[in-house]
Amino acid sequence: MKIVDIALKDLVRSTRSLFLIGMAFAAPLLLTGLIYLAFGSIASGNLSLPDITLGVVNADALPADAPLDASFGESIRSMFFDESVRSWITASDYPDEAAARAAVDAQEIGVAVIIPAAFTEDYLAGKKDTVITILQDPTLSIGPTVVRDMVTSLLDGIAGGGIAFNVLNERLAANGQMLDPASIPSFFERYAAWYTDFQRAMFHSPEKAALVVTSPAAESEMSDPVRSMMGMMMSGQLIFFSFFTGAYAMMSILQESEEGTLARLFTTPTDRTTILAGKFLAVLFTVIIQGVVLLVAGHYLFGINWGEPGSLTLSLLGQMFASVGLAVLLVSFVQNSKQGGLVFGGALTMLGMISGLFTANIEIKAFDLMGNFTPQGWVLKAWKLSLAGSPANELVAPFLVLATMGVVMFAIGAVMFRRRFA
Amino acid sequence: MPFAIEVKNLKKSFGDLQAVQDASFNAEAGEVLSLLGPNGAGKSTTISMLSGLLAPTGGDASIMGHSITKEPEAAKSSLGVVPQDIALYPDLSARENLVFWGKMYGLRGAALKQRVDEVLEIIGLTDRQKDHIGKFSGGMKRRVNIGAALLHKPDVIIMDEPTVGIDPQSRRHILDNVKALNRQGMTVLYTTHYMEEAAELSDHIAIMDRGKVIAYGAHDQLIKMVGEETRIDLTLNTDGEKVLAAWKATQGVSQINSLDGKVTVLVDDSNRVLPHLFEEASKAGARITSVEIQEPNLETVFLHLTGRALRD
Ligand SMILES: Nc1ncnc2c1ncn2[C@@H]1O[C@H](COP(=O)(O)OP(=O)(O)OP(=O)(O)O)[C@@H](O)[C@H]1O
Ligand SMILES: [Mg+2]
């Protein structure tokens with residue numbers, strides 16, 4: 001009973017700490033909210049985008065000896081005719097530049113993209129004067145910008161592919177080997193596919209870049225990829241601030257020791273284990289309450305689907321174990337509450353970074369690897385699984401890892417606490 | 001009749017430092033016992049052991065018959081401790097603080113609520129009970145600090161230098177509080193380095209110095225230890241080391257102590273010795289600028305026992 005009294009007292013004090021409330025609830029929601037607003041237009045989907053009417057003149061042809069399946073001109077052209085953009089780009093072919101220019105002048109189309117003859121050949125040969133011309137209706141600004149972004153983006157990808165191709169070729173040549181000509185098209189395709197994914201992840205994919213430029217946030221349904229991206233972004237915030245909140249809440253034991261209330265507690269007929277347990281329990285409650293509030297807020301504010309009930313419960317519990325364990329361990333190393341804020345800020349930011357919390361929406365190999373050794377890394381793994389809709393049984397393993405990490409850290413910290421305070 | 005507080009050969013060492021050495025004293029139920037001693041005498045260390053904060057290195061003590069080493073919970077239940085520094089939660093209200101500390105002493109429900117009301121009445125803060133302690137004045141905080149030790153109606157209350165660093169008015173208030181509590185039957189252990197407080201409040205006084213209890217008794221008994229000795233306070237116009245040496249050698253002088261040009265001398269008969277003091281001063285070329293003959297007090301006793309002043 002006294003355990004609960006002590007824990008409740010700590011919780012009441014926490015609710016009166018503006019800093020703690022800010023760090024526990026306001027900061028993660030605000031940061032996620034900023035990301036949401038920055039890319040909120042994505043969420044609004046294709047609906048609010050003004051239609052772009054586009055003309056394409058593709059005079060390019062695939063040179064006989066080119067290591068490609070299609071000419072670059074054709075790649076660019078097909079991008080505008082693709083299924084994925086059909087709802088907001090209406091593209092049509094024009095035979096030559098003059099016809100396209102006439103259509104723009106007559107305001108039949110807003111933009112025209114002119115791909116010169118032998119573009120692929122010249123581009124591969126590195127000729128600097130080969131250019132793609134974009135003609136536009138001078139009264140329009142958004143449509144042409146979007147089209148230009150899309151073309152540049154694709155050419156960047158091709159240029160990158162070319163560089164990678166050349167580097168690979170030189171390497172092989174140095175070893176006296178040759179690239180199998182048959183594998184070249186597939187190399188370019190794989191590179192292009194990778195690049196497109198990469199761009200998409202970095203929000204610079206042609207379509208998304210276009211959407212960012214154009215539309216203000218509207219109240220329409222989010223697309224699933226966006227929803228899951230928001231989930232990733234927010235899970236990073238959720239995890240970082242869960243650890244921070246846990247550590248900060250645990251620091252109340254240092255405060256009590258400095259304020260003299262811990263000594264006073266020891267003069268009451270209350271077992272020292274009870275006192276420590278009460279304080280640990282308060283941190284546990286804090287982290288759980290914070291987690292639940294953020295999950296619910298994330299769902300309703302940003303439309304995040306955190307996963308199946310069993311999966312998200314395991315993720316949340318794993319997060320709680322790890323946060324409390326690390327909090328106890330960290331605080332047991334800290335001399336006083338003044339030092340605490342700095343130490344936690346530093347240690348948790350470091351751990352968060354190498355665990356990939358701040359880059360949760362992109363795959364970074366090194367962080368994935370290091371994340372195997374940090375509690376944050378495992379919490380992130382758990383949330384990624386849950387967000388991807390994995391069933392609860394797939395979360396048992398990460399949960400057990402987190403529970404074990406939590407218990408071990410807690411045990412070490414608690415022993416140090418007992419030595420120091422009791 | 002058993003003692004409310006019984007201290008037997010209590011010891012505490014911090015490494016090589018023996019902060020408390022074989023301290024023994026008792027407090028009868030219903031009395032005020034003062035622990036008087038200069039800074040670093042070992043008062044707080046003794047009290048920390050009695051209140052269960054520090055484990056003794058040796059010896060034992062009991063509160064209302066409960067050994068602090070063998071039955072610490074029972075001993076603590078009979079005891080209310082008022083720490084030297086305010087030990088409260090600044091972000092909780094006065095009432096919330098009292099409720100919490102009451103719970104730590106095992107009070108619950110209606111009994112707790114009623115007792116908190118009573119204590120708020122005693123410390124005179126009923127109308128400010130909802131305000132956060134952090135906004136209180138120093139004197140008000142001190143009152144809550146005391147109140148938190150009264151909730152479980154302890155048989156024994158320990159106060160560690162409760163009047164250090166506060167204004168005379170609040171000090172008066174606290175001394176009156178101590179007397180009132182004592183009249184209601186509480187045994188009070190009061191530590192201080194102000195001899196006036198010890199003299200005013202106490203039935204018995206234990207004088208501590210350098211970890212040892214060097215004297216114990218009622219105020220008048222302690223004064224008698226000085227015998228017929230009289231204390232003379234003098235001021236010199238020089239720091240006059242020569243004068244002090246000469247005075248020390250003068251017949252009838254038992255103790256001599258000097259601080260900041262003020263000299264305190266214990267003599268057996270002031271009428272006889274005083275002329276010699278003037279004579280030695282003028283021989284050494286110094287002049288006495290003031291003389292005061294004091295009735296013996298606790299300060300005199302301390303000087304008599306240790307050769308040092310109580311206040312440093
Ligand atoms: N935790 C500790 N570790 C080491 N030494 C200590 C500790 N606590 C007290 N001491 C030392 O023990 C001696 C007695 O200290 P104590 O605080 O009991 O004195 P006190 O009589 O209460 O003095 P004051 O009037 O200044 O409060 C001092 O020399 C002090 O420095
Ligand atoms: Mg002290």
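The values are calculated or read from the model by the stated rules, or taken from the named source; none is laboratory data. Small disclaimer: the values here were computed from a predicted structure and weren't measured. Here Cβ is always computed from backbone atoms with ideal geometry, including for glycine, and neighbour counts include all displayed protein chains. Areas reflect the complete protein model, heavy atoms only, side chains present, ligands, DNA and RNA absent. Shrake-Rupley method; radii C 1.70, N 1.55, O 1.52, S 1.80 Å.
Points to keep in mind about this one:
- Accessible area in the full protein assembly, largest first, 1.4 Å probe, for B:Trp101, A:Trp378: A:Trp378, B:Trp101
- Protein-only accessible surface at a 1.4 angstrom probe places the residues A:Met232, B:Met225, A:Met150 in the order B:Met225, A:Met232, A:Met150, largest first.
- Hull-based mean projected area of the stretch B:4-75, where the convex hull spans the alpha carbons, in square nanometres: 4.7
- About its Cα centre, the stretch B:5-222 has a charge dipole of approximately 600 debye under the convention of +1 per Lys or Arg Cβ and -1 per Asp or Glu Cβ, with nothing else charged.
- The stretch A:65-132 and the stretch A:243-262: distance between their alpha carbon centers, rounded to Å: 65
- Close amide H contacts of B:Ile158 (hydrogens built in the peptide plane, cut-off under 5 Å, sequence separation of 5 or more or a different chain): B:Gly80, B:Val81, B:Val82, B:Leu189.
- In this Cβ point-charge picture (+1 for Lys and Arg, -1 for Asp and Glu), the stretch B:228-295 has a dipole of about 300 debye about its Cα centre.
- Max mean-square fluctuation residue, GNM over chain B, Cα-Cα springs under 10 Å, options B:Ala245, B:Ala41, B:Ala75: B:Ala245
- Among the trypsin sites (Lys or Arg not before Pro) in the stretch B:27-91, those located in a DSSP loop and surrounded by at most 12 other Cβ atoms within 10 Å of their own Cβ are B:Lys70.
- Sparsely packed GluC sites (Glu not before Pro) within the stretch B:69-166, loop by DSSP, other Cβ within 10 Å at most 15: none
- With a cut-off of 20 Å on the backbone N, the residues of the stretch A:302-325 near the modelled label site 7 Å out from A:Ile289 along Cα-Cβ are A:316-325.
- Spatial separation of Cα centroids for the stretch B:1-59 and the stretch B:236-291, in angstrom: 38
- Amide H to amide H distances under 5 Å link B:Ala215 with B:Ile207, where only residues 5 or more positions off or on other chains count and H is placed in the peptide plane.
- From largest to smallest, the equivalent ellipsoid semi-axes obtained for the stretch B:228-295 from the alpha-carbon gyration tensor read 17, 13, 10 Å.
- Chain B, Cα convex hull volume normalised per residue, Å³: 151
- The modelled label-to-label distance between B:Thr235 and B:Asp203, using points 7 Å beyond Cα along the C-beta direction, is 4.2 nm.
- B:Arg143 sits with roughly 60 Å² accessible to a 1.4 Å probe, with DNA, RNA and ligands left out of the calculation.
- Working note: 222 nm ellipticity from helices only, DSSP H runs with n ≥ 4, each -39,500 (n - 2.57), summed and divided by the residues of chain B, gives -10500 deg cm²/dmol to the nearest 500.
- Model label sites at A:Asn393 and A:Asp368, defined 7 Å from Cα along the beta-carbon direction, differ in position by 2.5 nm.
- The lysines whose alpha-carbon is closer than 21 Å to the alpha-carbon of B:Lys12, local same-chain residues fewer than 8 away aside, are B:Lys43, B:Lys70, B:Lys76, B:Lys212.
- Of all lysines in the structure, the ones whose alpha carbon falls short of 22 Å from that of B:Lys283, not counting any fewer than 8 places away in one chain, are B:Lys242, B:Lys248, B:Lys262.
- GNM result for chain B, Cα springs below 10 Å: residue of B:Gln129, B:Gln251, B:Gln84 fluctuating most strongly: B:Gln251
- Antiparallel content of DSSP bridges confined to chain B, in %, to 5: 70
- Projecting the Cα positions of A:Phe321, A:Gly22, A:Pro63 onto the charge dipole of the protein assembly as shown (unit charges on Cβ atoms of Lys, Arg, Asp and Glu, taken about the Cα centre) puts A:Phe321 furthest along the positive direction.
- Looking at the protein assembly as shown, the DSSP beta bridges with both ends there are about 60 percent antiparallel.
- For chain B, the relative contact order works out to 20 percent when only alpha carbon pairs closer than 8 Å and six or more residues apart are counted.
- Dimensions of the protein assembly as shown based on its C-alpha atoms, expressed as ranges along the principal axes with the largest first, amount to 134, 67, 56 Å.
- Only lysines eight or more places from B:Lys130 in sequence, or on another chain, were considered; those with a Cα closer than 19 Å are A:Lys9, B:Lys103, B:Lys113, B:Lys141.
- The stretch A:321-384 and the stretch B:144-171: distance between their alpha carbon centers, rounded to Å: 45
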